[in-house]
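So the structure is just underneath, and the comments pick up after that.
The values are calculated or read from the model by the stated rules, or taken from the named source; none is laboratory data. Worth saying up front: this structure is predicted, and the values here are computed from it rather than measured. All Cβ positions, even for glycine, are placed from backbone atoms using ideal geometry, and neighbour counts span all protein chains on display.
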Amino acid sequence: MAKGAGYDASRTASLRDVLAPLLFNTCTSDLPATISRKYAYADDLAIMHAGGDCKAVGGTLCKDMATLGKYLQIWKQKLSTTKTVSAVFHLNNKEAKRELKVNFNNESLPFCSEPKYLGVTLDRSLTYRRHLESLRKKLTSRVALLRRLAGDYTHLIDPAINDTLRIVTGCLRHTPADNLPNLAGIQPAELRRNGATLSLARRAMESGHLLHSALTRPSSANARRLKSRHPFVPAAQQLISSSDNHNICAAQWADHQWSGRTTPQDSAL
């Protein structure tokens, strides 16, 4: 098999143009007859020949490449030698390292054991294993990104905050984490996160804000493509509806919530 991108379609039109496919098909409709079968898509052209003798297959491909070379010369086209490679596909493990020799204009085309054609990586036995492995790696990286976007990673931060509070207060390791903010006189991290969410939600209620439409539309209309454990819109709507006094700022709201949680027993600890 020999594949390559042998036509410079940019001279006539970009491949993005509507007429480009029609013009390309018109230009390549008179390709000369070859012994090998031809496969063309967009500006990629591949020729393939099957046989029991690898040397004979290479000779046939050389003849067909010479025929296509004359055609390109007549129409003043140039073969893209940097993208043109030869490859062989078979199930004979003894010949696994054998390379197919194909020449064009007295130059040997580079051999590629795993060429990529139309986005698919082909291997010698056509098992598509390398292509599937590449897809798996891409999928794994994207799944990891989705997990970071959808997951709740505050559990990675809270233990570090609690350790810091133990150092500030001088408490021992077995001190309950719920008592540490009261002993240190610092609002809990969860309450500060809710205060920041409430502050952003109130700004988003103003028309012209980027999140205004998401907060004002009915909750049933907020169809989420990505299921999150703690999505912003429901949490923000709940905080806005639960805050009684809208005249106080988010920081004062957090102070009020914290004072309600603090009991005399907690203060005496």
His131 passes all but one of the listed conditions (1) surrounded by 15 or more Cβ atoms within 10 Å (Cβ to Cβ); (2) of a type outside the set (S, T, N, Q); (3) outside any helix (DSSP H, G or I); (4) under 31 Å from the mean Cα position of the chain (by Cα); the exception is number (3)
Single residue of Ser113, Ser125 found to be exposed (fewer than 15 other Cβ atoms within 10 Å of the Cβ), more than 29 Å from Asp30 (Cβ to Cβ) and among the small types (Gly, Ala, Ser): Ser125
Condition check: modelled with pLDDT under 80 and either assigned to a helix (DSSP H, G or I) or in contact with a strand residue (DSSP E or B) (Cβ under 6 Å, 6 or more places away or on another chain) (or both). Does Ala235 satisfy that? no
Does the stretch 61-83 include one or more residues that are assigned by TED's automatic domain parsing to the domain that holds Asp123 and within 20 Å of Leu126 (Cβ to Cβ)? yes
Within the stretch 42-58, is there a residue that is acidic (Asp, Glu) and surrounded by 11 or more Cβ atoms within 10 Å (Cβ to Cβ)? yes
Can you tell me which residue within the stretch 65-105, out of those that are surrounded by 12 or more Cβ atoms within 10 Å (Cβ to Cβ) and free of Cβ contacts under 8 Å to residues at least 24 places away in the same chain, is farthest from Leu118 (Cα to Cα)? Gln73
Those residues of the stretch 178-189 which are without any contact (Cβ under 8 Å) to a residue 12 or more places away in the chain and closer than 15 Å to Asp255 by Cα amount to Gly185
